[in-house]
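Enquirer: Take a look at the following structure, please.
The values are calculated or read from the model by the stated rules, or taken from the named source; none is laboratory data. What you see is a predicted model, and the numbers here were worked out from it, not measured in a lab. FYI the Cβ positions are ideal-geometry reconstructions off the backbone, even for glycines, and counts take in every protein chain you see.
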Amino acid sequence: MKERFPDTRALIFDCDGTLVDSLGLYAVAWPAGLRSTGHAMEASWYLERGGFSGDMLMDAFEQEVGQTLDRAQVMKAVWATYSAGIDSLTEITAVTAIARAFHGRLPMAVASSGPSDFVRLSLKSRGLDVLFDAIVTVEDVAAAKPAPDLFLEAARRLGVAPGDCLVFEDSIQGLQAAAAAGCKAIDVRELMEEAV
């Protein structure tokens, strides 16, 4: 990594789809959350919007159904399903191997558009939480990805200029956010293809 990016002084990782393969679990949890309000969400509808923050997802769903929903009720049901299925979560080893290799060698953070409880549970369930010096989630900033806020805050907490940070991301929104923050970025989907 240092050879490819010699000016890298810190690493910042997205969580969902980057460190952990949570897409399948969310594709079950979100429809369960919407069922709690009497609405149906197809897993395919959710999967087409991978990388959306919870608020962005709810905005899109409410626009589609033409109705404002009880978001607290939805999130409570999403959490119940997600946390019940947490043991099914798997690491994305092509990426977690990098985090483990650089633990203690470079400052590292997680920057996720997900809610703090979900992100922290996901990381802890795989023993990844202890690798990171900072965990920044959507509650910590004014705007989720594709805004640069999460990466700027992560760099600030690590005490490193954004331009000296290397971001690992799996979504278009995340890669846009990294570019807007002035960070270098790796699309982890390419790492996963190389690992196959």
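Enquirer: Taking the stated definitions as given, is Thr81 at pLDDT 95 or above, over 26 Å from Glu153 (Cβ atoms) and in the same structural domain as Cys15 (by TED's automatic domain parsing)?
Expert: no
Enquirer: Being buried (at least 19 other Cβ atoms within 10 Å of the Cβ) and either touching a His at 6+ places or on another chain (Cβ under 7 Å) or not in a helix (DSSP H, G or I) (or both) is true for just one of Met58, Met41. Which residue is that?
Expert: Checking each option against the conditions leaves just Met41.
Enquirer: Next question, about the same structure. Out of region 78-125, which residues are among the basic types (Lys, Arg) and surrounded by 17 or more Cβ atoms within 10 Å (Cβ to Cβ)?
Expert: Listed by number, the list holds a single entry, Arg120.
Enquirer: Take the residues in region 127-142 that are in a helix (DSSP H, G or I) and of a type in the set (A, V, I, L, M, F, W, C); name whichever of them is surrounded by the most Cβ atoms within 10 Å (Cβ to Cβ). If you could, list the steps in order and put the result at the bottom.
Expert: First, the residues of region 127-142 that are in a helix (DSSP H, G or I): 129-131, 138-140.
Subsequent filtering for residues that are of a type in the set (A, V, I, L, M, F, W, C) retains 130-131, 138.
Numbers: Val130: 8, Leu131: 18, Val138: 23.
Among them, the one singled out is Val138.
Enquirer: Would you check which residues across region 169-187 are at pLDDT below 95 and either among the hydrophobic types (A, V, I, L, M, F, W, C) or within 11 Å of Leu150 (Cβ to Cβ) (or both) and list them?
Expert: Within region 169-187, Ile172, Gln173 qualify.
Enquirer: Return yes when Arg105 is outside any helix (DSSP H, G or I), under 18 Å from Gly24 (Cα atoms) and among the charged types (D, E, K, R) and no when it is not.
Expert: So Arg105 does not fit the description; no.
Enquirer: Looking only at region 61-96, how many residues end up being part of a helix (DSSP H, G or I) and either among the aliphatic types (A, V, I, L, M) or within 22 Å of Ser125 (Cβ to Cβ) (or both)?
Expert: 20
Enquirer: Between a residue in region 75-91 that is without any contact (Cβ under 8 Å) to a residue 24 or more places away in the chain and any residue that is part of a helix (DSSP H, G or I), which pairs come within a Cβ distance under 9 Å, given they are 6 or more apart or on different chains?
Expert: That search, which allows pairs on different chains as well, returns Ala84/Ala29.
Enquirer: Something else now. Just checking, how many residues over region 153-196 are closer than 14 Å to Thr96 by Cα and outside any strand (DSSP E or B)?
Expert: 6
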